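Step one of this worksheet: look at the structure below.
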Amino acid sequence: MKKHNVALVLLLCVIASGAVFAQSKKNSHPVGIGLFLGQPTGIVFEFDLNATNWVDITAAWDFTGPTNQNYAFLLFASYKLAFPGVFVINNTVDLVPFVGPGLSVGLRPDDVSIGFRIPFGLSWRPSTVPLGIYLEIGLGMQLFPATSFQGTGGLGIQYRF
């Protein structure tokens, strides 16, 4: 029964990412794929909705130990609202702050957890190369099967196309 739940979550992520990709075709370099290095470490897919809104999906893994809060695989889906022009350095580098709501799903062989998170951080996309670099901290709460706080954070690097 639990395998069906995992398959349903993955299917919903694929459908949502396809819809967002179709919507974002208008933007320059609207899609990013790369690595999130930190806690947890994983692969991130990012889709721009417009210049100040994007959606990202992170598939990550965490093998730090068998405690109640550690899940072998984690899925995050987040909607992020950006605020360009807040931190501009020498009129050329725009460090864009972002914040937004997100969902988290943790997977272990015998357990599934569901929760929410609020990621925030700074993003930089150089105009000369198709890259995106960002620092992110995510605060959240696992709601099911037990309530507990969770924190994530790290450095993301993406190739934009």
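Taking 0.36 nm per residue of sequence separation and removing the Cα-Cα distance, the Asn50/Val129 pair yields an extension gain of 26.5 nm. Sorted ascending by nearby beta carbons within 10 Å, beginning with the fewest, Asp62, Asp48 become Asp62, Asp48. What residues from the range 105-130 fall in the zone where the backbone N is under 20 Å from a label point 7 Å along the Cα-to-C-beta line of Ile43? Counting only backbone N, you get 105-109.
Extending 7 Å from Cα along the Cβ direction at Phe149 and again at Asp111 yields two label points whose distance is 1.9 nm.
Values quoted throughout were computed directly from the atomic coordinates according to the rules given, and no laboratory measurement underlies them. Only a predicted model underlies this, so the values are computations on that prediction, with no experimental measurement involved. Methodologically, a virtual Cβ is constructed for each residue, glycine included, from the backbone with ideal geometry; neighbour enumeration extends over all protein chains shown.
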